[in-house]
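Chemist: The structure's right below; bear with me while I get my questions together.
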Amino acid sequence: MSIGLAHLNCRELVELVTAYLEGDLSSGERKRFDSHLAACDGCTMYVEQMRRTIELTGMLSVDDVTPKAEEALLRAFRDWKGQ
Amino acid sequence: MEQLLSAHDAKLVERLRARDEDTFMELIRELNPSLLRVARMFVPTAAVAEDVVQETWLAVLNGIDRFEGRSSLKTWIFRILTNTAKTRGERERRSVPFSALETEDSGYEPAVERSRFTGTGHWAVLPRAWPEDKLLAGETLSVIEHAIERLPQTQRTVITLRDVEGWTADEVRNALELSETNQRVLLHRARAKVRNALEQYLSEEQ
């Protein structure tokens, strides 16, 4: 992912948020990202909201195995064990 | 072999080899929902995905004595799943060719609507602070859940594995056979849409 050398505008920054949060930006890109953030309330808010979004998504519960699938697999296990 | 595996994995493998039923059932509860989710990416129906997952577990049992521990147990299980699902998907013929995964939604999808920016790319309308009390109310999670349900399947799968189930980027890339860039683009689009759904919900009149 490359960014123009000099400026990074807000519209470009929002497209780099995931790479930024994933630690995938080069050190140069990261510096430009951080210096834009330091001077821009809108983008600071956006990045903060993205962090909250990720945090809240992590609070969703993970699906459970259905009893039917569990039963079928238990039977398969016992068959295998008995071989 | 064992030194390449985490202590946790080494113990699991040892117990599975000893035909320990509780260990197997624990593993099923931990991995089955994700296995189904991933299988669904390669085959046309939920019923076929269930078959594929069942077949995968049998292959895990039959292969555990020969498992060499060159990857984590989870990675190994998902590799078996992917191979099984792809074979089955090809046989079914109706399945979407897997390369479609990477191109399904490759059109330009801005994270934030263009109208939110000025011609020079600066915020025309700044994002507004979210009201904390409303954010922490119970409904917020169902707003997120619905936003995820509305995503295209690949984006939904990636954000669920990453942000709900806590997988690493590498685990997701391996299981879904995505490039680094594609994994990140899918996650990026999914997260942006979930944030937008939250923004919309939080800006509605109470």
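Chemist: Using only helices, what value at 222 nm comes out for chain B when you add -39,500 (n - 2.57) per DSSP H run of length 4 or more and divide by the total residues, to the nearest 500 deg cm²/dmol?
Modeler: -19000 deg cm²/dmol
Chemist: For a footprinting-style exposure proxy, rank B:6, A:27 by other Cβ within 10 Å, fewest first.
Modeler: Fewest to most other Cβ atoms nearby, the residues stand as A:27, B:6.
Chemist: List the Cys residues of the protein assembly as shown that have no partner Cys with a C-beta closer than 4.7 Å.
Modeler: Among the cysteines of the protein assembly as shown, those whose Cβ sits 4.7 Å or more from every other are A:10.
Chemist: Give the dimensionless ratio obtained when the Cα radius of gyration of chain A is divided by 2.2 N^0.38 Å.
Modeler: 1.93
Chemist: Also, I was wondering about something else. Return, ordered by residue number, the residues of segment B:35-67 whose backbone nitrogen is under 18 Å from a label point located 7 Å along Cα→Cβ of residue A:83.
Modeler: Once the point is set 7 Å along Cα→Cβ of residue A:83, B:52-67 turn out to lie under 18 Å by backbone N, inside segment B:35-67.
Chemist: What is the spread of the Cα atoms of chain B along each of their three principal axes, largest first, in whole Å?
Modeler: 62, 40, 32
Chemist: Please identify, among B:188, B:122, B:146, the residue showing maximal mean-square fluctuation in a Gaussian network model of chain B using a 10 angstrom Cα cutoff.
Modeler: Highest fluctuation among the options: B:122.
Chemist: Lysines within cross-link reach of residue A:81: Cα-Cα under 30 Å, excluding same-chain residues under 8 positions apart?
Modeler: Output for residue A:81: A:68, B:11, B:74, B:86.
Chemist: For chain B, what is the relative contact order in percent, using Cα pairs closer than 8 Å and at least 6 residues apart in sequence?
Modeler: 22 percent
Chemist: Could I ask something else about it? Helix-only mean residue ellipticity at 222 nm, chain A, DSSP H runs n ≥ 4 weighted -39,500 (n - 2.57), per residue, nearest 500. What is it?
Modeler: Value at 222 nm, helices only: -22500 deg cm²/dmol.
Chemist: With a 10 Å cut-off between alpha carbons and a GNM built on chain B, which of B:47, B:175, B:147 moves the most?
Modeler: Evaluated over chain B, the most mobile residue of the options is B:47.
Chemist: How much of the calculated P(r) for the protein assembly as shown lies past 32 Å, in percent of all Cα pairs?
Modeler: In whole percent, the long-distance tail amounts to 36.
Chemist: Now a separate question. Using the scaling law 2.2 N^0.38 Å as the reference, what is the normalised Cα Rg of segment B:1-73?
Modeler: 1.18
Chemist: Does segment B:100-203 come out rounded, prolate or oblate by the C-alpha gyration tensor, with a ≥ b ≥ c the root eigenvalues, rounded set by a/c under 1.5 and, if not, prolate when a/b is larger than b/c and oblate if not?
Modeler: Taking the square roots of the gyration eigenvalues as a ≥ b ≥ c, segment B:100-203 is oblate.
Chemist: Taking the alpha-carbon centroid of each part, what is the distance from segment A:1-67 to segment B:167-204 in angstrom?
Modeler: Centre-to-centre (Cα) distance: 11 Å.
Chemist: Quick one: if you stick a label point 7 Å off each Cα along the C-beta vector at residue B:139 and residue B:68, how many nm between them?
Modeler: 5.7 nm
Chemist: Suppose we flag GluC sites (Glu not before Pro) only when DSSP calls them loop and at most 10 other Cβ atoms lie within 10 Å. Which is the longest uninterrupted stretch of chain B?
Modeler: B:114-203
Chemist: Go ahead and set up a Gaussian network model of chain A, Cα springs under 10 Å, then flag whichever of A:60, A:25, A:37 fluctuates most.
Modeler: Maximum among the listed residues: A:60.
FYI, it's all coordinate maths here, none of it is from the lab. Everything numeric here is computed off the predicted structure, so don't read it as measured data. All Cβ positions, glycine included, derive from the backbone under ideal geometry; neighbour counts span all protein chains shown.
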